[in-house]
Amino acid sequence: MLSFGWVVLVCTIASIIAIRIRIPHVPILLILGALIGPHILGLVDLEVMDLFSEIGAVLLLFGIGVQFNVAKLLSKGLRAIIGSLMLMILTFTFMYEVAFFIGFDGISAVFMAVLFSMSSTAIMIKILEYEGFLKKMEVEVLVAMLVVEDLIAIFLLTFFSNLSNGNLAENEIVLSFLLACVVLVFSYLVLGKIVRKLATVLITGRSTDMMMFISFLLGIGMSIFASFIGLTPAIGAFLAGSIIASLPNGRIFERTMRPFSILFSAFFFLSIGMLIEPVELATSTLDILIIVSLFILAIFAFTICIFFLLSTNLKSSIFAGAAMLPLGEFSLLIAKAGSGLVQFNAINLAASGVVISSIACAIALQYNLWIYKTVKKTIPKNILKAMVGTSLYFREIIGIFEPGGPLSTLLKREIMILLEHVIRVVSIIILFFFGKQYVHFQFEIFGLSLWTDSILLGLAIASVIPSLFRVLIFIKRALDILSYGFSRTSIGDGNGVIARNVAISGILFGFYATTPYFVNTLMLPKIFSLGSIGFAILSLLFMWAAISLVSVSLFSGETTQTRLMRKKSRRR
């Protein structure tokens with residue numbers, strides 16, 4: 001009880017301090033946790049704190065899961081999803097190179113890059129609320145981006161929890177990766193449907209107290225399931241929360257569970273603070289300050305660039321860059337799950353990153369207008385104009401894939417017809433091999449000796465050709481949409497556009513060929529070599545656009561002079 005009393009007192013003090021200095025209570029809890037922990041005052045029993053922190057981690061992930069809704073995420077648009085993925089990849093790559101420059105080994109560099117590749121939803125929202133920015137239109141897009149980060153973070157937490165046994169053999173890493181994928185997909189898509197139906201039946205017409213206990217039961221049940229299959233209980237709690245979010249009255253659940261989530265998540269952050277080793281932190285203060293400062297500069301710059309691509313608004317982009325500074329609570333969870341895997345103190349680094357980046361976020365938001373005016377004066381007008389043009393091009397490309405765009409319209413119109421043709425082709429192939437196996441004899445017709453295999457093959461080919469032709473037509477239309485969209489080409493463009501597309505295709509193919517070399521030079525994980533596939537696809541699209549223009553010109557019989565005359569007549 002004495003330990004529990006100290007914990008509640010420290011949480012209360014942390015809340016008071018946070019309100020006074022207008023920053024979230026998380027960094028304050030981390031600092032006070034280090035103060036009352038075993039390395040300084042030793043006021044709290046670690047066994048008691050471990051129990052509270054485990055419950056806190058479960059409820060923290062449950063609360064994050066309740067905020068996650070697939071339909072709501074998709075309604076925010078493809079732009080937020082792509083922007084979030086781009087931001088995580090850029091930040092991961094930068095921090096990975098920083099880790100290698102410092103001298104970390106491969107797994108330590110990956111781990112540090114993962115820790116510093118995600119921002120905090122809870123801390124960002126709290127700082128925005130304190131500063132009075134919560135109702136700005138940029139916040140919805142930022143939250144959608146952070147939801148994507150949380151989804152990736154929950155997978156990474158699963159991955160590193162599977163590696164916590166210390167076996168870092170390559171086959172073990174691959175196995176953990178595959179296991180994490182299978183478990184998450186199975187749990188959410190299959191088990192989630194069953195639990196969702198049961199919860200709907202149990203909840204109907206019940207009181208608030210009953211809803212609270214059902215929420216706890218669902219969260220604890222999924223946590224036990226996660227533990228049973230070898231994952232951290234917090235992952236099961238996240239899945240339970242995401243199931244609750246999909247229910248019609250999911251928001252009522254969120255309000256019911258909020259006080260408990262706040263209380264026990266405070267215990268979790270406090271327990272993380274108690275794991276901080278002040279002596280080691282003091283000896284590595286300079287290194288930590290350099291790493292966290294580089295992260296803050298990187299996430300700020302990358303967010304500005306990506307948000308500008310999404311919005312073409314420099315003022316909004318700088319606000320977004322300031323808001324995305326806080327390091328995430330998932331970084332603390334991952335640091336705790338995999339701290340024994342690396343050559344540095346992950347808890348010290350992650351906790352310091354959360355504290356420093358949260359303070360930096362509060363300061364940056366207060367001065368975001370001054371930063372905007374300074375940056376706007378610094379950037380030359382021609383560069384700003386080029387940035388606007390790039391942003392417009394990026395938004396046009398995303399518009400191709402968004403609902404209502406040309407590609408989605410094509411898919412919506414022809415997907416069922418295409419599926420019928422694919423099923424027909426597969427069925428004919430199956431029937432051919434089945435018939436070939438059981439109908440095998442020779443006969444004569446008009447003096448010719450024929451095998452039934454040949455007859456069946458001819459019938460199969462004749463039956464398949466119309467469907468294959470229909471599939472090829474669909475592929476051509478999709479390629480036309482993509483190639484004309486990416487290359488900004490239209491039918492009737494002249495030889496200059498054709499030459500430009502061929503040149504760009506060659507440059508992109510050069511990037512495709514040299515990507516593995518750059519990956520090896522930068523010592524990035526081998527998975528980054530898959531980025532060459534993107535360059536290959538883009539090279540193909542630009543070449544396809546050039547070929548399409550040439551074919552249109554040849555088949556229409558128009559010369560360049562005729563085409564120019566036709567364009568002039570249209571202008572008149």
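The values are calculated or read from the model by the stated rules, or taken from the named source; none is laboratory data. Quantities reported herein were computed from a predicted structural model and do not represent experimental measurements. No Cβ is skipped: glycine too gets one built from the backbone with ideal geometry, and neighbour counts run over all protein chains shown.
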Candidate set: segment 228-248, residues that are over 22 Å from Phe268 (Cβ atoms) and touching a helix residue (DSSP H, G or I) at 6+ places or on another chain (Cβ under 7 Å); chosen: the one modelled with the lowest pLDDT: Ile229
Filtered residues of segment 1-46 (kept if closer than 17 Å to Ser352 by Cα and either touching an Asp or Glu at 6+ places or on another chain (Cβ under 8 Å) or of a type in the set (Lys, Arg) (or both)): Val26, His39
For segment 304-314, state whether one or more residues are under 30 Å from Ala386 (Cβ atoms), at pLDDT 75 or above, of a type in the set (Ser, Thr, Tyr) and surrounded by fewer than 24 Cβ atoms within 10 Å (Cβ to Cβ). yes
With part of a helix (DSSP H, G or I), in contact with a Ser or Thr (Cβ under 7 Å, 6 or more places away or on another chain) and either of a type in the set (Gly, Ala, Ser) or under 29 Å from Asp150 (Cβ atoms) (or both) as the only criterion, which of Ile356, Ile334, Ile347, Ile371 stands out? Ile347
For segment 368-394, what are the residues that are in contact (Cβ under 8 Å) with a residue 24 or more places away in the chain, hydroxyl-bearing (Ser, Thr, Tyr) and either on the phi > 0 side of the Ramachandran plot or surrounded by fewer than 16 Cβ atoms within 10 Å (Cβ to Cβ) (or both)? Thr390, Tyr393
Exactly one of these conditions fails for Gly42: (1) small (Gly, Ala, Ser); (2) touching a Lys or Arg at 6+ places or on another chain (Cβ under 9 Å); (3) surrounded by fewer than 16 Cβ atoms within 10 Å (Cβ to Cβ). Give me its number. (2)
Go through segment 21-45 residue by residue and tally those that are assigned to a helix (DSSP H, G or I) and over 35 Å from the mean Cα position of the chain (by Cα). 2
If you scan segment 108-121, which residues turn out to be of a type outside the set (Ser, Thr, Tyr) and out of contact with any helix residue (DSSP H, G or I) (no Cβ under 6 Å at 6 or more places or on another chain)? Val110, Phe111
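Taking into account only those residues within segment 501-541 that are more than 26 Å from Phe101 (Cβ to Cβ) and among the β-branched types (Val, Ile, Thr), which is surrounded by the most Cβ atoms within 10 Å (Cβ to Cβ)?
If we take residues in segment 501-541 being more than 26 Å from Phe101 (Cβ to Cβ) and among the β-branched types (Val, Ile, Thr), then Ile504 is surrounded by the most Cβ atoms within 10 Å (Cβ to Cβ).
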Subset of segment 285-322, residues in contact with a helix residue (DSSP H, G or I) (Cβ under 7 Å, 6 or more places away or on another chain) and of a type in the set (S, T, N, Q), comes to Thr303, Ser311, Thr312, Ser316, Ser317
Looking at (1) surrounded by 19 or more Cβ atoms within 10 Å (Cβ to Cβ); (2) part of a helix (DSSP H, G or I), which is the one condition that is false for Asp287? (1)
Of all residues in segment 302-328, how many are more than 19 Å from the chain's Cα centre (by Cα) and closer than 18 Å to Leu134 by Cβ? 5
